[in-house]
1. Going by average Cβ density within 10 Å per residue, which order do the peptides A:69-82, B:84-97 take, highest to lowest?
2. According to the Kirkwood expression over distinct Cα-Cα pairs, how big is the hydrodynamic radius of the protein assembly as shown, in Å?
3. Once phi is turned into ³J(HN,Hα) by the Karplus curve 6.51 cos²θ - 1.76 cosθ + 1.60 with θ = phi - 60°, what whole-Hz value does each residue of segment B:32-45 show in order, with x for glycine and proline?
4. Residue B:51: net charge of surrounding residues, Cβ under 13 Å, Lys/Arg +1, Asp/Glu -1, itself excluded?
5. Please build a GNM for chain B, connecting alpha carbons under 10 Å apart, and tell me which residue among B:99, B:16, B:61 fluctuates the most.
6. Could you run the Karplus curve 6.51 cos²θ - 1.76 cosθ + 1.60 with θ = phi - 60° over segment A:55-63 and give me ³J(HN,Hα) per residue in whole Hz, x for Gly and Pro?
7. What percent do you get for the relative contact order of segment A:18-107 when only Cα pairs under 8 Å and 6+ apart count?
8. Enumerate by residue number the chymotrypsin sites (Phe, Trp or Tyr not before Pro) in segment A:1-59 meeting two conditions: DSSP loop (anything except H, G, I, E, B), and at most 10 other Cβ atoms within 10 Å of the site's Cβ.
Amino acid sequence: AQKVTQAQTEISVVEKEDVTLDCVYETRDTTYYLFWYKQPPSGELVFLIRRNSFDEQNEISGRYSWNFQKSTSSFNFTITASQVVDSAVYFCALSEAHKGTYKYIFGTGTRLKVLA
Amino acid sequence: GAVVSQHPSWVICKSGTSVKIECRSLDFQATTMFWYRQFPKQSLMLMATSNEGSKATYEQGVEKDKFLINHASLTLSTLTVTSAHPEDSSFYICSARDGQGASYEQYFGPGTRLTVT
C-alpha cells in the first residue's frame, strides 16, 4: 500500500542549528514523484522540491538540502543554520499515477519550531 | 506560472446555509482538480478528485450530497458545502493538475478558511 511516514511530529531547535526532517515512503510503482511543502501559519502550501523516482541525486538549494535514497525509501530534508522564519509545518508527499489519478499521499507533517 | 487561486480566502456562515468555494487555474488548463480539507494540526485529507466535464470521485467517508463539486471548465472547479454545520468548519484547499502530459505535480491554491456558526 502507498504510504508516507513522517515520524517526527514536532521538532524544536535553537536558531542556527541544523535540523533534518525525515520522510519514509512506501509504493509499488516504479515511477513516482516525491515532494516537500512548507505550510507557514498563513496556511498556504509553499512548494519546496520535486524529485522523480529515477533521479537519486541529492539537491541543495541555499540552506536547504534533500537526500533521496531509494534503498531505504527515504527522502529526508535538512535545513542548515535554521532561522526563525523556517518555523512552519513541513509535509512530505508521494505522487503516483494510480489508475491515472495522480493522487498525492501526504505524510502527517512535522511541525518545526525555531527559537531565537 | 502554474498559479491557482481560491475564493473566498475566508468565509463565515450560519449553520444550515450553503457556501460555495471557487478554485481557478490562472495560467494553465487543469484537467484534474483536487479538494482537500485540513483540520487544525492535522494533515491534508483528500476529499475528492474532479475531472473536467465529468462527475467527481469522492474518497471513502466523504458525503457527496453534502460536498457538491462541479468542474465545468478547464480552469474552474467549485466546492459547495450544503447545509453547513459547525463540524464542517475547516481549512479547504484545492489543487490543480496541468493537463499537458503525464504530470505528477499538483499546484495548490491558498486555501479557504470556513467557519460555521
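1. Details: A:69-82: 15.9, B:84-97: 20.3.
Answer by packing, highest mean first, reads B:84-97, A:69-82.
2. Details: mean 1/r = 0.0543 Å⁻¹.
About 18.4 Å, per the Kirkwood formula over Cα pairs.
3. So the J values, rounded to whole Hz, are 10, 10, 10, 10, 10, 10, 9, 8, x, 6, 10, 7, 6, 10.
4. Working: positive: A:99, A:103, B:55, B:97; negative: B:52.
Its environment carries a net charge of +3.
5. B:61
6. After applying 6.51 cos²θ - 1.76 cosθ + 1.60, I find 10, 9, 5, 6, 10, 10, 9, x, 8 Hz.
7. Numbers: 164 pairs, mean separation 32.2, N = 90.
Relative CO of segment A:18-107 lands at 36 percent.
8. A:54
The numbers here are math on the coordinates, done by the rules we state, and not lab data. Keep in mind it's a predicted model, so treat the numbers as computed, not measured. Cβ coordinates were reconstructed from backbone atoms using ideal geometry, including for glycine residues, and neighbour counts include every protein chain displayed.
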